[in-house]
Structure formats: C-alpha cells, structure tokens
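Everything below concerns the one structure shown next.
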Amino acid sequence: MIAPSILAADFARLADEAAAVTGEPGRGADWLHVDVMDAHFVPNLTLGLPVVESLRKATGVPLDCHLMIEDPDRWAVGYAEAGAHNVTVHVEAARDPVALAKDLRAAGARAGLSIKPGTPLDPHLETLRHYDTLLVMSVEPGFGGQSFMPEVLDKVRAVRRMVDTGHLRLLVEIDGGINADTIEAAAEAGVDCFVAGSAVYGADDPARAVQALREQVVAASAHRGWSA
C-alpha cells in the first residue's frame, strides 16, 4: 500500500492534489496520508479537523490521519467521526492508548499507534494488541523532507515476525524519507504501507510516481507473494 502524504502537496489546491494521486483503479494511492501537527507535540503547525472534513468530501481515497498532537485522547475521535479511515496517535502523547483505540473503533475508524525513532518497541507490545496499525517513524516527526533513518527497520523486522507468527494482528506502516532509494529496504524489512511525500508530490506525474513505488515494493517483497 502506498499512502502519499499531503504534507508535501500544495495546500492551496488540496482537492486537486488528492485527485492527482488517484490514478487508474487499483493503481493509484491506497490511502491519503494527512499529517496533523499542533506546534506543541512537534515544532510545526499544519492543518486540523476542518480541513480533514473538507478533504473527506473532496476525495474517495481513504484518509490516513496521523495526529502529531498533544492530548490525542481528547481530539482523536473527532477525526474518526469526520470519516477518516485510519486515525493514528502517538504512544508518547496518549494518556490511555488502550481506551483510545476502543473509542476510535467505536467511532468507525481503524486505530493506529505511532512510535518515534527513539521510542523502544518492547514496552508497548501489549498495547499494540488493541491496535490495527503500527506507524513506525523513520524520521523525527514534525517536518517533511528529512532523511530516512535505517536503524528503525529493526523495529519493523521485530513487529513483522510477531505478525507473521500470529502474536500481533496489525498493519505495519512507515513514514519518513520514503522514496525510490529507501522503499525497497523498508519493504524487505516487512512494511505493509509506505507513506511518501516528496517522492510523490515532487514528481511530474504523482499518480505514476505512486505506481512506480508500488512496483519497487512488489519486486522487493516477492517472497511475500505480492503482485502489482
């Protein structure tokens, strides 16, 4: 799965930018990744719930909302109620991540949990049993265009083993520095969903860029039986 990040898109043309990655059926974006930042949890400010509500009306691509905010226990359910397909909160910010996962699901969304590059995985394994998605950050959250941190792939491999052996049931997502040079290593490590910003929206043909990234993933993951 490829999830273009609108953090790299033209904010003045979000409806058009969402349409630009749609592509032909089965060949465009699987999800549209929406980075919500509050200038408190991370040192940047992007967009919030009103924009997500408008974007939901403008595209049929499922919205993957990544909340880099303080107090997600208070705000996250609103994004699920607005129609987001997947709502991801940070384990470093959530007060009661297990209860929050239940609330997100009750509101109609998949529940995602994200961890920063420096956050260890082991203390949160039991919490992950309540989630549908694990978003592994491969850059420090807050800004697009950063360089990929390959050391986080050890976390991906560890989670992949637990998913493959049935100890966890979730989708493994990665976000940060994903492009043509890094996506194959992430795919080989066991990622299911790849967030890509500049690699898609910096291309002349964003929909074609999505498909090219998908083709790389399939080639690097042939042992998993995937097809383009």
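Values quoted throughout were computed directly from the atomic coordinates according to the rules given, and no laboratory measurement underlies them. Nothing here was measured: the structure is a model prediction, and the numbers come from that model. Glycine gets a Cβ as well: all are built from the backbone with ideal geometry, and neighbour counts include every protein chain shown.
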* Asked: Is it true that some residue in the stretch 128-139 is part of a helix (DSSP H, G or I), over 16 Å from the mean Cα position of the chain (by Cα) and over 27 Å from residue 202 (Cα atoms)?
  -> no
* To do: Go through the residues of the stretch 35-50 one by one and say whether even a single one is among the charged types (D, E, K, R) and either part of a helix (DSSP H, G or I) or surrounded by fewer than 17 Cβ atoms within 10 Å (Cβ to Cβ) (or both).
  => no
* Being without any contact (Cβ under 8 Å) to a residue 40 or more places away in the chain, of a type outside the set (Asp, Glu) and over 14 Å from residue 131 (Cβ atoms) is the filter here, so list the residues in the stretch 66-90 that pass it. => 69, 74, 75, 77, 78, 82, 83
* To do: Could you grab the pairs with beta carbons closer than 9 Å, sequence gap of 6+ or different chains, first residue in the stretch 39-65 and under 15 Å from residue 143 (Cβ atoms) and in contact (Cβ under 8 Å) with a residue 12 or more places away in the chain, second one crowded, with 19+ Cβ neighbours inside 10 Å and of a type in the set (D, E, K, R)?
  => 44/35; 46/35; 47/35
* Asked: Of the conditions (1) surrounded by 17 or more Cβ atoms within 10 Å (Cβ to Cβ); (2) within 17 Å of residue 176 (Cα to Cα), residue 118 fails just one. Which one is it?
  -> (1)
* Structure fact -> Considering residues that are under 19 Å from residue 31 (Cβ atoms) and surrounded by fewer than 20 Cβ atoms within 10 Å (Cβ to Cβ), the number found within the stretch 81-112 is 6
* Structure fact -> Considering residues that are farther than 29 Å from residue 13 by Cα and assigned to a loop (DSSP other than H, G, I, E, B), the number found within the stretch 180-208 is 2
* **Single match in 211, 146 (criterion: of a type in the set (S, T, N, Q) and in a helix (DSSP H, G or I))** => 211
* Only one of these conditions is not met by residue 110: (1) within 17 Å of the chain's Cα centre (by Cα); (2) of a type in the set (Lys, Arg); (3) under 22 Å from residue 219 (Cα atoms). Which number is it? -> (3)
* Answer yes or no: is there a residue in the stretch 195-212 that is on the phi > 0 side of the Ramachandran plot and in contact with a Ser or Thr (Cβ under 7 Å, 6 or more places away or on another chain). => no
* Search result, residues across the stretch 77-109 that are of a type in the set (D, E, K, R) and in a helix (DSSP H, G or I) -> 81, 102, 103, 105
* Would you call residue 164 surrounded by fewer than 21 Cβ atoms within 10 Å (Cβ to Cβ) and in contact with a Lys or Arg (Cβ under 9 Å, 6 or more places away or on another chain)? -> no
* Hey, does the stretch 4-15 have a residue that's buried (at least 20 other Cβ atoms within 10 Å of the Cβ), over 16 Å from the mean Cα position of the chain (by Cα), part of a loop (DSSP other than H, G, I, E, B) and hydrophobic (A, V, I, L, M, F, W, C)? -> no
